[in-house]
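Some notes on the structure that comes next.
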Amino acid sequence: LRLDTRAGLLKGGTSGAAIVEGKPNESLLITAVRRQEGYEMPPDKALNVSEIRVLEHWIQIGAPWPKTQILKPRETAERAKMHWAFQPVGQPKVPNTKDSWLRNPVDAFVLSKLQKEGLKVSPEADRRTLIRRLSYTLTGLPPTPDEVASFENDPDPRAYERLVDRLLDSPHYGEHWGRKWLDLARYSDTKGYVYAREERFWVHAWAYRDWVVQAFNRDLSYNRFLLLQIAGDQIEDRKPGDLAALGYLTLGRRFLGVTPDIIDDRIDVVCRGTMALTVGCARCHDHKYDPIPTADYYSLYGVFDSSSERLISLDEQPSQTNDYSKELEVRQRKLADKLATSRLESANRVRQRIGDYLKAQTELEKYPTEGFDQIFQTTDILPAFVWQWVDYLEATERNQNPIFRHWHAYRKIPTGEFSLHAGRITRDLSQSEPDQVNPLVASAFQEVPSSFDEVIKRYAKLFREIDEQWQVEVAQAKKNGDQHSDKLKEPEAEALRQVLYGASAPCQVPDEPVVHTEDFFDSATCTALWKLQGDVDRWIIQSNVEAPYDLTLVDRPQPKEPRIFRRGDPTKLGPRVSRHFLTLLEGTHPEPFRKGSGRLELAQAVIDPTNPLTARVIVNRV
């Protein structure tokens, strides 16, 4: 819905036109500002009576609009790109100013401006003032009386430079300036709104905090500082403990476990934190002011949706000599064992009901994609698996997977016309090249199916037979005391088994913490897992001993191919977009990210010398 043009008002949004010329009582705009029929605009504070009457009168007289040029979205974006902030950083000419007061080129700019305004340079501050200013600026702490006296009485002409070096070497320097970065990184040891069964404390937050402080104290370069915080898991020459830097991404709010909100928070902390761009505004529509289209937002969404959280040890040689560490290890092992068992059991249930999950692909409106609706499902078909199958099948269509050529061909037949087209499609597929169709699937579809339900049944039967064949081989190997093979002998059968057991199979539960996988388990299993997770978290919280762990990000085995959420609604899927950097900085057709999730390429784009925003923003922040 656009309210900044007359055409936009007349066109309206999903609910219809915003105004009806000459008829204020029939105009949705007036209904909204009157706060009627469930509309409340503006959302925070209602307009007063006189303001509403102005709008009513304006619509009554035909909603006249100033005759100004209306730019097309592309023209608006091109104009926005001309803003000085998006231009390359240049090397300005140093003013030709002569004065003994000058000590560096920056002074020349200051003095030139002062002279232009007819102002004089202030006298140099005394040493007591200088040490106080410097100490507060670099460490956030006042100097001691002894330090003041020592500096005031120091005859060395380089006393000031030595004072600067001493304060920069102080551990308080990293604490003071690290705090400024932690504010920008929305650092907290709590998670915001969480489910009642999730512990609200970030029990490992201190690891990221300490890493930031140490980074400042060891004078880590800004490029390296950002690189480690966005993609530290992919930096081969990282130092021990550097994985804690990924707390920059993982220590955000939890938003009651709603994934799109968690990812939005990560997009915001990277784009606003490093480049001062409010990319989050493009979540629901093209940005109104900055040249950031919605497609760019979801390209970055795909980067973070292709990454998963993982708890890792920061201790190179973990010690198990004290009671605290031993008990922590016991609790963590119980949780890990239960998670492993639950993943296997849940995946097996999906394999056993493969037909039901394939049938669900024709009834997606029954299965919510996110949030509370998934929790309160009455069916035992888990929506998380249903939507995992959606992604998998879409990938098989793009990749022309030989196993699902029949599925996609029959799926495209319009409702009510199956019997008209099924015969022709069956004949065409029977003439396919051997490498285009899996032989076992081709054999299952020698006869023309009577309906798409029949297609589902044949696929389900085929997968059940493959699973039974695999289980027989595994059982026989165990009975004979042999180590069974990790695959079936026949390539065509093994290809089908991979759909059930492969690393990226839609039947598998992601190897991620319970907070991100609870939707893949039944209610009783979730309760048991959260109890064990709580036992671990509370043991850490209640102890005075630091637990050397950190929550990091790693790339998923199979990157997600992002789709635009229309108006930001994850239930209304729009076109697919590639994972790439902002077109504002990369050009109209940016190169897609190709390395895993794309986080490393994103980090490299942020710190690229040709990106004018990163350097400008950190200079302004300092």
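The values are calculated or read from the model by the stated rules, or taken from the named source; none is laboratory data. None of the values given here were measured: they were computed from a predicted structure. In this analysis, Cβ positions are derived from the backbone assuming ideal geometry, glycine residues included, and neighbour counts consider all displayed protein chains.
A count restricted to the range 558-602 and to residues that are within 17 Å of Asp296 (Cβ to Cβ), assigned to a helix (DSSP H, G or I) and either free of Cβ contacts under 8 Å to residues at least 60 places away in the same chain or within 17 Å of the chain's Cα centre (by Cα) (or both) stands at 6. Mind listing whichever residues of the range 407-433 are part of a helix (DSSP H, G or I), surrounded by 11 or more Cβ atoms within 10 Å (Cβ to Cβ) and of a type in the set (A, V, I, L, M, F, W, C)? Scanning the range 407-433 gives Trp407, Ala409, Phe418, Ala422, Ile425, Leu429. Residue count for the range 253-264 satisfying the condition of being buried (at least 19 other Cβ atoms within 10 Å of the Cβ), farther than 15 Å from Glu198 by Cα and touching a residue at least 60 places away in the same chain (Cβ under 8 Å): 0. When each of Arg179, Arg127 is tested for being without any contact (Cβ under 8 Å) to a residue 60 or more places away in the chain and in contact with an Asp or Glu (Cβ under 6 Å, 6 or more places away or on another chain), the lone residue that passes is Arg127. Only one of the listed residues (Leu335, Leu358) is more than 26 Å from Trp407 (Cβ to Cβ), surrounded by 12 or more Cβ atoms within 10 Å (Cβ to Cβ) and modelled with pLDDT of 85 or more. That residue is Leu335. Being in a helix (DSSP H, G or I) and touching a helix residue (DSSP H, G or I) at 6+ places or on another chain (Cβ under 8 Å) holds for only one residue in Leu55, Leu47, Leu3, Leu10, and it is Leu55.
When residues in the range 159-194 are screened for being among the aromatic types (Phe, Trp, Tyr), surrounded by 15 or more Cβ atoms within 10 Å (Cβ to Cβ) and within 21 Å of the chain's Cα centre (by Cα), 2 of them pass. Residues in the range 94-133 that are touching a helix residue (DSSP H, G or I) at 6+ places or on another chain (Cβ under 6 Å), assigned to a helix (DSSP H, G or I) and aliphatic (A, V, I, L, M): Ile131 only. Among the residues of the range 268-285, write down those that are crowded, with 20+ Cβ neighbours inside 10 Å, under 20 Å from Arg566 (Cβ atoms) and either out of contact with any Ser or Thr (no Cβ under 7 Å at 6 or more places or on another chain) or hydroxyl-bearing (Ser, Thr, Tyr) (or both). Val279, Arg283, listed by residue number.
When Val509 is tested against (1) under 14 Å from Leu382 (Cα atoms); (2) in a helix (DSSP H, G or I); (3) under 21 Å from the mean Cα position of the chain (by Cα); (4) of a type outside the set (S, T, N, Q), exactly one condition is not met: (2).
Yes/no matrix, rows are residues, columns are (1) out of contact with any strand residue (DSSP E or B) (no Cβ under 8 Å at 6 or more places or on another chain); (2) over 23 Å from Pro368 (Cα atoms); (3) modelled with pLDDT of 95 or more:
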position: Asp265; (1), (2), (3): yes, no, yes
position: Cys271; (1), (2), (3): yes, yes, yes
position: Thr278; (1), (2), (3): yes, yes, no
position: His285; (1), (2), (3): yes, no, no
position: Tyr289; (1), (2), (3): yes, yes, no
position: Ile292; (1), (2), (3): yes, yes, no
position: Asp296; (1), (2), (3): yes, yes, yes
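Can you confirm whether Tyr187 is assigned to a loop (DSSP other than H, G, I, E, B), at pLDDT 95 or above and in contact with a Gly (Cβ under 9 Å, 6 or more places away or on another chain)? Yes. Report yes if some residue within the range 287-294 is of a type in the set (S, T, N, Q) and assigned to a helix (DSSP H, G or I); otherwise report no. Yes, the conditions are met somewhere in the range 287-294.
Restricting attention to the range 214-237, the residues being surrounded by fewer than 21 Cβ atoms within 10 Å (Cβ to Cβ), at negative phi and either touching an Asp or Glu at 6+ places or on another chain (Cβ under 6 Å) or not in a helix (DSSP H, G or I) (or both) number 6. Restricting attention to the range 95-124, the residues being of a type in the set (A, V, I, L, M) and either touching a residue at least 12 places away in the same chain (Cβ under 8 Å) or under 17 Å from Tyr160 (Cβ atoms) (or both) number 5. When the range 448-462 is limited to residues that are aliphatic (A, V, I, L, M) and part of a helix (DSSP H, G or I), the one that is surrounded by the fewest Cβ atoms within 10 Å (Cβ to Cβ) turns out to be Ala460. Given Ser543, Ser504, which one is surrounded by fewer than 20 Cβ atoms within 10 Å (Cβ to Cβ), within 24 Å of the chain's Cα centre (by Cα) and among the polar types (S, T, N, Q)? Of the residues listed, the single one that is surrounded by fewer than 20 Cβ atoms within 10 Å (Cβ to Cβ), within 24 Å of the chain's Cα centre (by Cα) and among the polar types (S, T, N, Q) is Ser504. Given the criteria outside any helix (DSSP H, G or I), surrounded by 16 or more Cβ atoms within 10 Å (Cβ to Cβ) and either touching a Leu at 6+ places or on another chain (Cβ under 6 Å) or aliphatic (A, V, I, L, M) (or both), does Val536 qualify? No. Give me the residue from the range 6-47 that is of a type in the set (Ser, Thr, Tyr) and at pLDDT 90 or above and, out of that set, farthest from the chain's Cα centre (by Cα). Across the range 6-47, the extreme among qualifying residues is Ser27. Evaluating Pro513 against the criteria (1) surrounded by fewer than 18 Cβ atoms within 10 Å (Cβ to Cβ); (2) in contact with a Lys or Arg (Cβ under 9 Å, 6 or more places away or on another chain); (3) modelled with pLDDT of 90 or more; (4) not charged (D, E, K, R) leaves one unmet condition, (3).
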